[in-house]
1. Once you have the Cα-Cα distance between residue 14 and residue 184, take 0.36 nm times their residue separation minus that, and quote the gain in nm to one decimal.
2. What is the gain in length, in nm to one decimal, between residue 2 and residue 145 on full extension, counting 0.36 nm per residue of separation less the C-alpha to C-alpha distance?
3. Take residue 41 and residue 101, extend 7 Å from each Cα along the Cα→Cβ direction, and tell me the distance between the two endpoints in nm.
4. Give the distance, in whole Å, between the Cα centre of region 195-230 and the Cα centre of region 1-70.
5. FRET efficiency for residue 51 and residue 199, Cβ-Cβ distance as r, R0 = 30 Å, nearest 0.05?
6. Please give the length that would be gained between residue 126 and residue 166 if that part of the chain were fully extended, namely 0.36 nm times their separation in residues minus their C-alpha to C-alpha distance (nm, one decimal).
7. Between residue 209 and residue 117, what FRET efficiency follows from the Cβ-Cβ distance if R0 is 45 Å, with the result rounded to 0.05?
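All of the numbers you see were taken from the coordinates with simple rules; none came from a lab. Remember, it's a predicted structure, so these values are computed and weren't measured experimentally. Cβ sites come from the backbone with ideal geometry, for glycine too, and all protein chains shown count toward neighbours.
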């Protein structure tokens, strides 16, 4: 069985900021591509589990860390593999390698969700089969729940059509783009906790605070105040 999957990716100009460094939102997109291609090989892609079980994958939490950001024209290797499912989540791990050196890594927690009912289905009720990767050492442990302050500047964004993915909610990479737009420096590390789905037309108030230690963001529904996401970055 294909326990791991490797994807070669060349950083292109359109993925870089004015300093020539890779922007975090594109790291999220590249990870998603590698994970999706691996899931296709493992017969547990979105299409596979939707057709077989009526389920889709949804991201609950993610942490991404770079010791340095790759630059325009640089070729990197993205390696990914699933961890053993827990009581609620399915972990996923990623390593970013450039010229043989580990320059970044990620750990994420995924949920299997009933697509029609939008309800969580626990791993022991799903029937989804994944390879045994217990011999592989995760680069990070699964992300912890986040606690962020709820005071700071306020920025309102509206979820647009181009923010959505096949699950009809805002794609995880778009959150990274929104958060990156609030920060005065390139993001080398980002943790996001997705509390509820953000849908087309929804107005989200981002309460953000920047300091020498980084940035915190609390994203709330502008109408009812419910938490949509939390994030920390630096």
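1. Here the segment from residue 14 to residue 184 would lengthen by 59.3 nm.
2. Contour length minus the Cα-Cα distance gives 48.4 nm.
3. It is 2.7 nm.
4. Taking the Cα centre of region 1-70 as reference, the centre of region 195-230 is 23 Å away.
5. Calculated value: 0.80.
6. Residue separation times 0.36 nm, minus the Cα-Cα distance, leaves 12.3 nm.
7. E(calc), rounded to 0.05, equals 0.80.
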